[in-house]
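The values are calculated or read from the model by the stated rules, or taken from the named source; none is laboratory data. It should be emphasised that the depicted structure is a prediction, and the values quoted were computed from it without experimental measurement. For neighbour counting, all protein chains shown are included, and Cβ atoms are generated from backbone atoms with ideal geometry for every residue, glycine included.
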Amino acid sequence: MRYPPGHKEETRRRILAEASALFRRQGTDATGIPEVMKAAGLTIGGFYRHFDSKSALFREAVRSSLQRTLAFLRHNPGRGNQWLKGAADRYLSREHLTNVAHGCPLPALTPDIARADPEVRDVYANALLEIVDELAQRMPEDDTQPPRDRAWAFIATSVGGLMLARGTDDPELADEILHACREAIVD
């Protein structure tokens, strides 16, 4: 059976999308190749036509999800205090808190990335540097702190705050954490 042009690329994208969602929701150790392929509506036998290993799949899931984050930043222009407040409000929101599978990959995947092979960590570091550079261009003017430092602080506060809030089952505590982080970012 012949497949239409682009079929293999579309299948690979579908596998990556499902794997990325499952890795974010469950972690890499709890996510198996059979589960990914089932979620993608494919048989397990087809996996190795697209990826050499689960590690290769994880590396590509990290790369593609961080590239989507970067693309989102690049297609949402703005800068200064108003942009920073809006970004903090969106990132540190109840909606983002509960959208683990499709939200920012940083709070969900960073712990697994820290335990991954050097190739995965290299992909992560390079993408993170691009994200910081993009954020630095949007930071408000500030004589006391360079824009790149403010960008790192924004990422660390946002990602860390979201991780802490996701770690509790108490909605009031989660909201308190998110609120405190939003206030720290726009202070």
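Couple of notes before you dig in:
- Any hit, the stretch 97-120, residues being among the acidic types (Asp, Glu), more than 17 Å from PHE23 (Cβ to Cβ) and out of contact with any Phe, Trp or Tyr (no Cβ under 6 Å at 6 or more places or on another chain): no
- Test: residue in the stretch 8-21 that is surrounded by 20 or more Cβ atoms within 10 Å (Cβ to Cβ), within 22 Å of the chain's Cα centre (by Cα) and outside any helix (DSSP H, G or I): no
- Qualifying residue in the stretch 51-72 (condition: surrounded by 12 or more Cβ atoms within 10 Å (Cβ to Cβ) and part of a loop (DSSP other than H, G, I, E, B)): yes
- Filtered residues of the stretch 111-148 (kept if within 30 Å of ASN81 (Cα to Cα), at pLDDT 95 or above and either among the polar types (S, T, N, Q) or exposed (fewer than 13 other Cβ atoms within 10 Å of the Cβ) (or both)): ALA125, ASN126, LEU129
- Those residues of the stretch 26-48 which are surrounded by 14 or more Cβ atoms within 10 Å (Cβ to Cβ), of a type in the set (D, E, K, R) and either under 18 Å from the mean Cα position of the chain (by Cα) or part of a loop (DSSP other than H, G, I, E, B) (or both), in sequence order: none
- Qualifying residues in the stretch 73-101 (those that are under 13 Å from the mean Cα position of the chain (by Cα) and either surrounded by 15 or more Cβ atoms within 10 Å (Cβ to Cβ) or of a type in the set (Asp, Glu) (or both)) - the one nearest to VAL159 (Cα to Cα): TYR91
A quick yes/no check of all residues on (1) on the phi > 0 side of the Ramachandran plot; (2) surrounded by 15 or more Cβ atoms within 10 Å (Cβ to Cβ); (3) of a type in the set (Val, Ile, Thr):
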position	(1), (2), (3)
THR157	no, yes, yes
MET163	no, yes, no
THR168	no, no, yes
PRO171	no, no, no
HIS179	no, no, no
ILE185	no, yes, yes
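- Qualifying positions in the stretch 55-96 - touching a helix residue (DSSP H, G or I) at 6+ places or on another chain (Cβ under 9 Å) and of a type in the set (A, V, I, L, M): ALA56, LEU57, ALA61, VAL62, LEU66, LEU70, LEU73, LEU84, ALA87, ALA88, LEU92
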